[in-house]
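Beneath this line is the structure, given in structure tokens, with notes to follow.
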Amino acid sequence: MNALSLDTVRLSEDGASLIILDQTLLPGEIRYRELSKAEDIWEAIYALRVRGAPAIGVAAAYGIYLLCAQLDMEDMEAFCTQFRKHKDYLNSARPTAVNLSWALRRMERVLEDERDRLTVAELKERLRREAHAIRDEDIAISRSIGQLGFELLRPGDGILTHCNAGTLATAKYGTALAPVYIALEQGWKDLRVFCDETRPLLQGARLSAFEMQTAGVDATLLCDNMASSIMARGDINIVFVGCDRVAANGDAANKIGTSGVAILARHYGIPFYVCAPSSTIDPAITHGGEIVIEERPPEEVTELWYRQRMAPEGVKVYNPAFDVTDHSLITGIITERGIAYPPFDQAFRRLGLTPDREGSQ
Ligand code: MRU
């Protein structure tokens with residue numbers, strides 16, 4: 001089995017439910033969940049059953065379509081009111097990954113553009129097609145990022161990655177791990193991928209190491225606090241990470257610990273690349289300090305993955321899910337339209353990442 005063959009997020013054949021691979025069970029169990037109720041879709045996003053910024057966006061697009069398809073009404077005004085209620089609810093599941101609000105806003109734009117022209121039944125069908133388009137585009141975008149990232153690699157390179165920005169985090173291929181999948185297609189067999197375990201939810205250990213191993217890649221797992229040691233040994237030639245929201249100046253929010261990896265990479269002179277679909281770049285945010293960082297329950301740190309609690313009862317816990325890597329530490333930002341190099345604001349403009357995009361929070 002190759003993780004690339006797993007469908008992370010899709011619509012069921014009969015179009016009546018959202019099917020997600022439950023990532024909280026990996027790598028031990030491969031189980032899909034069929035979701036059709038608002039609370040279940042919200043919970044799947046909140047609990048990271050479906051996770052990774054692009055995959056969250058696809059899940060939200062299918063989710064809002066499904067919830068609207070279930071509405072038994074012909075009146076357009078009432079339909080739009082219900083749409084917005086569901087949109088706000090799904091949007092509240094996670095705050096940092098811009099793809100969630102971006103995908104919901106994109107679906108809402110269909111509603112705004114077509115409501116005067118179509119019946120409710122026709123609009124439902126249009127929403128279904130838009131959700132499919134978001135998924136299809138995500139696959140194409142990931143491949144382009146993979147191709148551009150691949151061109152930065154040399155045979156035998158050691159790649160460090162943090163969290164999981166692989167096929168499980170997107171509709172297919174991933175962003176930070178996409179260059180590795182392209183390299184495999186090209187017949188390269190000697191890349192080495194080093195996966196930070198990524199405390200506290202272990203996306204690196206449970207997901208990236210699993211993905212790379214099932215793809216036949218030489219994969220090594222390390223605890224987050226071992227990254228400096230492996231860089232000092234000279235094993236790492238390049239760092240690829242994903243992102244959840246990129247500010248107009250290039251500051252990039254990604255899984256907690258990413259900024260530390262960037263600081264280490266700078267110290268050791270290792271190129272540090274952020275892989276970012278254009279949907280993740282949020283021109284409405286001028287710098288990283290404006291990005292809302294999700295805080296998660298203390299139990300994720302004190303007990304979640306342990307057989308028994310590993311911290312004293314009542315201890316205060318700091319558990320931000322993301323941090324912001326300062327743009328000055330980033331060598332380049334790989335988008336599907338090209339690689340942006342500093343100064344990032346100018347590069348984003350040159351690549352046509354428009355400054356007036358809507359849908360951000
Ligand atoms: O909390 P998660 O697991 O959703 O965090 C995921 C990440 O931080 C990824 O690196 C990011 O979403 C990019 S996925 C292509």
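The values are calculated or read from the model by the stated rules, or taken from the named source; none is laboratory data. Keep in mind that what you see is a predicted model, and the values were worked out from it rather than measured. With ideal geometry, Cβ positions are generated from the backbone for all residues, glycine too; neighbour counts draw on all protein chains shown. Areas reflect the complete protein model, heavy atoms only, side chains present, ligands, DNA and RNA absent. Shrake-Rupley method; radii C 1.70, N 1.55, O 1.52, S 1.80 Å.
Structure values in brief
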item: Residue in the stretch 210-227 that is under 18 Å from the mean Cα position of the chain (by Cα) and not charged (D, E, K, R) present; result: yes
item: Test: residue in the stretch 204-222 that is within 14 Å of the ligand (Cβ to nearest atom), in contact with a strand residue (DSSP E or B) (Cβ under 9 Å, 6 or more places away or on another chain) and in a loop (DSSP other than H, G, I, E, B); result: no
item: Residue check for LEU100: open to solvent by less than 40 Å² (accessible area, probe 1.4 Å) and away from the ligand (no atom under 16 Å from the Cβ); result: no
item: Exclusive hit being more than 26 Å from ARG350 (Cα to Cα), touching a residue at least 60 places away in the same chain (Cβ under 8 Å) and open to solvent by 30 Å² or more (accessible area, probe 1.4 Å), set ILE236, ILE263, ILE230; result: ILE263
item: Only listed residue being within 19 Å of GLU39 (Cβ to Cβ), more than 16 Å from the ligand (Cβ to nearest atom), assigned to a helix (DSSP H, G or I) and not aromatic (Phe, Trp, Tyr), chosen from CYS80, CYS68; result: CYS68
item: Hits in the stretch 277-293 (condition: within 17 Å of GLY146 (Cα to Cα) and part of a loop (DSSP other than H, G, I, E, B)); result: PRO277
item: Test: ASN249 is farther than 17 Å from THR161 by Cβ and touching a residue at least 12 places away in the same chain (Cβ under 8 Å); result: yes
item: Neighbours by Cβ (under 8 Å, 6+ apart or cross-chain): first from the stretch 103-126, open to solvent by less than 30 Å² (accessible area, probe 1.4 Å); second among the polar types (S, T, N, Q) and at pLDDT 95 or above; result: LEU104/ASN91
item: Residue list for the stretch 11-42, filter: surrounded by fewer than 18 Cβ atoms within 10 Å (Cβ to Cβ) and in contact (Cβ under 8 Å) with a residue 40 or more places away in the chain; result: GLY15, ALA16, PRO27, ALA38
